[in-house]
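Quick notes on the structure that follows.
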Amino acid sequence: MTETAPGLGEFDFAGDDHVVPFQVEGLDVRGRAVQLGPMLDAILERHGYPLPVARLVAETVVLTVLLGTSLKFEGKLIVQTQGDGPVDLVVADFSTPDRVRAYARYDEEALADAEKSGRVQPHELLGNGVLAFTIDQGAHTQRYQGIVALDGATLEDIAGAYFRQSEQIPTRVRLAVAELLDKDENGKPRHRWRAGGMVAQFLPDAPDRMRQADLPGGDGDEGHEDFFDEDDLWAEAKVMVETIDTDELTDPTVGTERLLYRLFHERGVRVYEPQAVYDRCSCSREKIKDVLVGLGNEDIEASVEDGLVKVTCEFCSATYRFEASEVRPQ
């Protein structure tokens, strides 16, 4: 059968591992939505994380992909949690235009205790700490970093708080993770990971409309003079986004474009060219060697085993081997 290009008024569905930018002109809303399948599955399968950790990593990957694909320059976005919970570190980074990688660090004993007691919600696993967003445009530029507290809320709520506080942009983030249990081509049971997400932002032409509802009792609330309601269109958009069921975000039979149509068709939603994302690490033998050469003799000698220095990338698990003479400082 010969494939034909979409005709006028038709379009291809993006499918898994493609971020779909969208705009709802009737609500002054722009955003991006995605469903992740094979790419996410490859990242999680490589590390074999316990289920609660895998879910945290998956949510972080979705958030990173949604934000990273908005970068308009060559660089890297790093999303990282650091806390005092059983999972003390989760990090994902997006390198333009399409490379994603991620890993987590956790205390096996503390995690086992948390699972036994049923304390496996994200805020219980992460504990007290921070969620940091770092933008790195490479050499000769200064990194930009925004930080928001891990305050017991969900990762999507914390991300929304970051945009309200740091970017002053009304934002609603939705994240979802699911396990897919089916059978492979040979009829054997198979476990796969899926995830989905959406970020919607209120970006009207008049910046003064980008205000969000104040709550009574805040600073300057004498007589409630400073209390006001947020823009009606943004309030409507938020209600729509919040009606999304988590299953809809991950269900491959729904898909990103169908979900956007379900939500916003009455207001007129427009989708743009999808952007593919890939499980691709940025490590290389040359980069690892440069790091090792920069270490002191004492550190190098402590790492030598059978005449070799071995380094395993925490992200992709690739192992690099060097003759000790290659990396000793000159």
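Some notes on this structure:
- For Phe163, Phe264, order by how many other beta-carbon atoms lie within 10 Å, fewest first: Phe163, Phe264
- Between Lys289 and Lys188, the C-beta separation translates, for a Förster distance of 45 Å, into a calculated FRET efficiency of about 0.60.
- Spin-label model distance (nm) - Glu301 vs Asp205, 7 Å beyond Cα toward Cβ: 7.1 nm
- Of every Cα-Cα pair in the chain, the percent that sits beyond 37 Å: 26 percent
- Relative contact order [Cα under 8 Å, 6+ residues apart], the chain, whole percent: 22 percent
- Net lengthening on full extension, Thr134/Arg99 (0.36 nm per residue, minus Cα-Cα): 11.0 nm
- Each residue of region 171-187 is assigned a 3J(HN,Hα), and the resulting list reads 9, 10, 10, 10, 9, 8, 10, 9, 9, 10, 10, 8, 10, 7, 5, 9, x Hz, derived from the Karplus form 6.51 cos²θ - 1.76 cosθ + 1.60 (θ = phi - 60°), x at Gly and Pro.
- Span-like helix ranges in the chain, DSSP H, alpha carbon extent 24 angstrom or more, Kyte mean at least -0.5: 51-68
- Calculated FRET efficiency, Glu242 to Glu124, Cβ-Cβ distance, R0 = 35 Å: about 0.90 to the nearest 0.05.
- Nonlocal amide H pairs with Gly127, under 5 Å, H built at 1.01 Å: Gly85
- DSSP-loop GluC sites (Glu not before Pro) across region 24-75, with at most 15 other Cβ within 10 angstrom: Glu74
- Cross-linked pairs Lys72/Lys289; Lys76/Lys289; Lys76/Lys310; Lys72/Lys238: Cα-Cα separations exceed 29 Å for Lys72/Lys289.
- For Asp231, the residues 5 or more places off, or on other chains, whose built amide H falls under 5 Å of its own are Arg211.
- Distance between the modelled labels on Thr312 and Asp84, one decimal in nanometres: 3.0 nm (7 Å Cα→Cβ projection).
- For region 126-135, 3J(HN,Hα) per residue [Karplus equation, 6.51 cos²θ - 1.76 cosθ + 1.60, θ = phi - 60°, Hz, x = Gly/Pro]: 7, x, 7, x, 9, 10, 10, 10, 10, 10
- Inter-label distance, Arg321 to Asp107: 3.6 nm, where each label sits 7 Å from its Cα along the C-beta direction.
Read-outs: derived from the displayed coordinates by stated rules, not from any lab. The shown structure was predicted, so the numbers you read here are calculated from the model rather than taken from an experiment. Reconstructed Cβ throughout: ideal geometry from the backbone, glycine too, with neighbour counts over all protein chains shown.
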